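Working notes, beginning with the structure itself.
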Amino acid sequence: MLGLQLPTDPRWAELVKQDLRALLIDHAWCEQKAASNAISMITRYPENGELVAELMRIAQEELDHFRQVVERIHARGWALGPERKDDYVNELMGFVRKDGTREERLVDRLLFSAMIEARSCERFKLLTEECPDEELRVFYRELMESEAGHYATFIGFARKHGGRVDVDRRWKEFLAYEAEVVSRYGTAPTMHG
């Protein structure tokens, strides 16, 4: 379903097992950034009422995920810690069109969002299988399903509102680019590390 061209290196799961604290802190900030991304898209494309309504729902859901992850951090006696830069996401953002038509920029932003959700979904699936903490395995199963829904929503809106943009061709370009990017990661116990 996700179409990712390169699976996560299994060594990533081993790193995560050794440092669940780092994973959870990074994951919390990823959820906050996902909410911010949805809000940013609302401010850029306010004329599309259907898209705005769905992005508001996603932003609220992502903020709720942020809260849930922070609660799990605190329940383990840890602190949230400072926000961290996400090099993977920043590299993907570099592929998003900054020029072109409004439709092209909208499609790229939607596909960028879908790509992050797809990779997160794939990593959450790995966590449901490999995480040594039973409560977190159940939690990540729920989040995996949610991320899959967000992925489908972003892809669906790109296809619905892409106008003359060949969305399927552009999605294939995103998949190829993401495979190159993710090949350099998987070396840290963070969501995209």
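For residue 5, the stated conditions do not hold, so it cannot be described as under 14 Å from the mean Cα position of the chain (by Cα) and over 18 Å from residue 129 (Cα atoms). Taken over the range 117-130, the criterion of being touching a helix residue (DSSP H, G or I) at 6+ places or on another chain (Cβ under 6 Å) and either in contact (Cβ under 8 Å) with a residue 40 or more places away in the chain or of a type outside the set (Lys, Arg) (or both) is satisfied by 117, 118, 120, 121, 124, 126, 127, 128, 130.
Flag: residue 133 does not match the condition of being in contact with a helix residue (DSSP H, G or I) (Cβ under 9 Å, 6 or more places away or on another chain), in contact (Cβ under 8 Å) with a residue 60 or more places away in the chain, closer than 20 Å to residue 9 by Cβ and surrounded by 15 or more Cβ atoms within 10 Å (Cβ to Cβ). Against the test of being in contact with a Leu (Cβ under 8 Å, 6 or more places away or on another chain), β-branched (Val, Ile, Thr) and either under 18 Å from residue 20 (Cα atoms) or assigned to a loop (DSSP other than H, G, I, E, B) (or both), the options 128, 187 yield a single qualifying residue, 187. Against the list (1) at pLDDT below 95; (2) exposed (fewer than 13 other Cβ atoms within 10 Å of the Cβ), the condition residue 48 fails is (2). Among all residues of the range 62-76, there is none that is at pLDDT below 95 and in contact with a helix residue (DSSP H, G or I) (Cβ under 8 Å, 6 or more places away or on another chain). Against the numbered list (1) over 22 Å from residue 29 (Cα atoms); (2) within 15 Å of the chain's Cα centre (by Cα); (3) aliphatic (A, V, I, L, M), residue 126 comes up short only at (1). Answer yes or no as to whether residue 176 is touching a Gly at 6+ places or on another chain (Cβ under 8 Å), in a helix (DSSP H, G or I) and under 25 Å from residue 41 (Cα atoms). Against the criterion (touching a Gly at 6+ places or on another chain (Cβ under 8 Å), in a helix (DSSP H, G or I) and under 25 Å from residue 41 (Cα atoms)), residue 176 does not qualify.
The values are calculated or read from the model by the stated rules, or taken from the named source; none is laboratory data. Everything quoted here is computed from the prediction, not taken from an experiment. Cβ atoms come from the backbone with ideal geometry, glycine included; neighbour counts cover every protein chain shown.
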